[in-house]
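The values are calculated or read from the model by the stated rules, or taken from the named source; none is laboratory data. Quick caveat: nothing in here was measured; it's all calculated off a predicted structure. Here the Cβ positions follow ideal geometry from the backbone for every residue, glycine too, while neighbour counts run over all protein chains shown.
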């Protein structure tokens, strides 16, 4: 396989968030040739088109450049109030502007959603997919990744338990193949 | 009619945003007894549960108190990338936590979405509705409010043109009746 | 409490469907004054506006009259392919036409979704909600009802197990109160 | 370009439906190598798993074979009540079962939605997309196709007006390239 540099965006700012543990663990289970790197998004000011007149905020520029340097994106997110956490939606918005300068277009994407309950972040997962249509990001359909009872899937040290590592490893292999076709 | 104090949340931070003009104009067309007030949301740090341990950020507290003092909520929003702007989603998230202390539960809601094109913010409108289910806010179903070509509905001074003022005035009357039943 | 006559629409045509068992069981746990009746939908021809020119199909007329005679609606549904089963969507469509003659407008609604897995029909639940906005049916927000592992909630005779009966009984009480305000 | 045989599914049963005119017109604007054929769906009994025990209904078998013989799918649909028309959802459901025998998996898809008003079938378009995730159909993201005021885009003989023909012709070219990568 040829190489694939993947940006990982995590939906939670909470220290010790499960989604952060998962995001960090992806590198250890990635197929050969795939690198994954969490790109921080907590310091991005809310998107406001006025700030794109003149010199945009430095964190926006840093973020846009970081995404532009990657070939694909994996989102790892919990849901807040049945939808996408604001910090993650803001990253999408910042990267999508100004008009004509989106950093997202054409980059293959995959979504991992998770919750401590049954619903597994389904609401966030599919709201995110609706945005990825507009952003022109070909998105992996299957396997869908809904992690229920996510607190049982990660050990105290923040590592994926074996079954979850194996499942997500398989997802990354499928994503590598999908991305290779769609870049 | 008895009185109804309505918080208005606007989805855009842009100076001169159409949604801001609409939000401001609501008071002038509100039925007797209804007050509307835009509650600012641009200064709220991203929701992070860690910040609710101990003393939460002052803007969160201010915002939570401002919403708690109102009886109902009207959202006026454009869409970004086929979904809710991050700044508005963040306001929902901040107001919904910590667990057991949501300021939203039971407050009747209405949604006005708008776009310069045809789609009228439909994507944001319905993603927002999905969150309002979880937040337990009874939401006005009809009239749905989708403002297409919003730039043609507001004059250069930022005032609603007569047809739009009349239409939205009717919406506010329906909302007042709906809220009166559901508070 | 005054009386409330509720139409129950079930999303599955399968003999012995869990959703059918739940729909049938509602009467036994309904609060005093509430009657529930399953209205059959499996014999409705697909909606086609041409068939509303002249005399519509007899099953359409029967169905429209049956719904018109009720004051409220409860939907009990599994999901097919992450959305509403066609047979249930068709019932909505048939009842909504011809223009100006919808039988749904103003009738309070509640949704019970279920699946044998974790996701609990979340996709069907919220797609249905999007239609209920257009149909002008005030819809119960909380408690949301997502029944995971539904096969474990019903005994071999098709009766609700005690915990589920108690939970759904509480939902019906909330719905009765909500409907009383919104009729 | 190599050849691509595309099934076209139309969401309306109405004689003279705009979506039917569009579906029919696709062949005339398709790029070289692409064939498009409308597969009828109005005669499919509602999906009911019981009917898949033993010999399934003949129209189901015919439909499943017709889809299996194609390499890709284009959906052309209006929306009913802010979601997918039942007749189209039923076709998806019938083709997806019995478990392990879906005819959809891996077939690239594109969606054309339309309405006589502004909203352009946006609700149906994205609800359909949610199902296509489960059905594992890689779906064209851009150009999104939302045809507003569709009655103005087709002439009295049911032909696409030049601008629409040109726009949709471009969409088909993009779809051919997307499908070629994803089959």
Residue list for segment D:92-112, restricted to those being in contact with a helix residue (DSSP H, G or I) (Cβ under 7 Å, 6 or more places away or on another chain), over 20 Å from residue D:35 (Cα atoms) and more than 8 Å from chain C (Cβ to nearest Cβ): D:94, D:95, D:97, D:98, D:102
Failed condition for residue A:44, given (1) surrounded by fewer than 22 Cβ atoms within 10 Å (Cβ to Cβ); (2) closer than 27 Å to residue A:174 by Cβ: (2)
Enumeration of residues in segment C:65-91 that are out of contact with any helix residue (DSSP H, G or I) (no Cβ under 6 Å at 6 or more places or on another chain) and not in a strand (DSSP E or B): C:65, C:66, C:68, C:69, C:70, C:71, C:85, C:87, C:88, C:91
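Filter segment A:68-86 for residues that are more than 14 Å from chain B (Cβ to nearest Cβ) and within 16 Å of residue A:102 (Cα to Cα) and give the result. If you could, list the steps in order and put the result at the bottom.
Of all residues in segment A:68-86, those more than 14 Å from chain B (Cβ to nearest Cβ) come to A:68-72, A:74, A:76.
A:68, A:69, A:70, A:71, A:72, listed by residue number.
For the structure I just gave you, tell me whether residue B:85 is modelled with pLDDT of 95 or more and within 14 Å of the chain's Cα centre (by Cα).
Considered against the rule, which asks whether it is modelled with pLDDT of 95 or more and within 14 Å of the chain's Cα centre (by Cα), residue B:85 comes out as yes.
Buried (at least 23 other Cβ atoms within 10 Å of the Cβ) and within 29 Å of residue D:2 (Cβ to Cβ): which single residue out of D:106, D:33, D:95 fits that description? Can you show your working first?
Details: D:106 fails: buried (at least 23 other Cβ atoms within 10 Å of the Cβ); D:33 fails: buried (at least 23 other Cβ atoms within 10 Å of the Cβ).
Result: D:95 is the single residue among D:106, D:33, D:95 that is buried (at least 23 other Cβ atoms within 10 Å of the Cβ) and within 29 Å of residue D:2 (Cβ to Cβ).
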Yes/no for residue A:61 being assigned to a helix (DSSP H, G or I) and surrounded by 22 or more Cβ atoms within 10 Å (Cβ to Cβ): no
Residues (within 11 Å of another protein chain (Cβ to nearest Cβ) and either part of a helix (DSSP H, G or I) or surrounded by fewer than 14 Cβ atoms within 10 Å (Cβ to Cβ) (or both)) located in segment C:141-176: C:149, C:174
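Restricting the search to segment B:88-100, which residues are under 16 Å from the mean Cα position of the chain (by Cα) and either farther than 20 Å from residue B:145 by Cβ or without any contact (Cβ under 8 Å) to a residue 60 or more places away in the chain (or both)?
Here is the first cut: in segment B:88-100, the ones under 16 Å from the mean Cα position of the chain (by Cα) are B:88-96.
Matches in segment B:88-100: B:89, B:90, B:92, B:93, B:94, B:95, B:96.
Filter segment B:54-64 for residues that are at negative phi and either within 12 Å of chain A (Cβ to nearest Cβ) or more than 16 Å from the chain's Cα centre (by Cα) (or both) and give the result. Explain how you work it out, then say what you get.
Restricting attention to segment B:54-64, the residues satisfying the condition of being at negative phi are B:55-64.
Correct list: B:55, B:56, B:57, B:58, B:59, B:60, B:61, B:62.
Output the residues belonging to segment A:1-53 that are assigned to a strand (DSSP E or B), more than 14 Å from chain B (Cβ to nearest Cβ) and either in contact with a strand residue (DSSP E or B) (Cβ under 6 Å, 6 or more places away or on another chain) or touching a residue at least 40 places away in the same chain (Cβ under 8 Å) (or both).
From segment A:1-53, those assigned to a strand (DSSP E or B) are A:4-10, A:34-38; that's our starting set.
Among the residues that remain, those that are also more than 14 Å from chain B (Cβ to nearest Cβ) are: A:4-8, A:34-38.
Matches in segment A:1-53: A:4, A:5, A:6, A:7, A:8, A:34, A:35, A:36, A:38.
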Qualifying positions in segment C:16-59 - closer than 14 Å to residue C:77 by Cα and modelled with pLDDT under 95: C:16
Segment A:113-140 - residue that is more than 9 Å from chain D (Cβ to nearest Cβ) and closer than 18 Å to residue D:144 by Cβ and, of those, surrounded by the most Cβ atoms within 10 Å (Cβ to Cβ): A:128
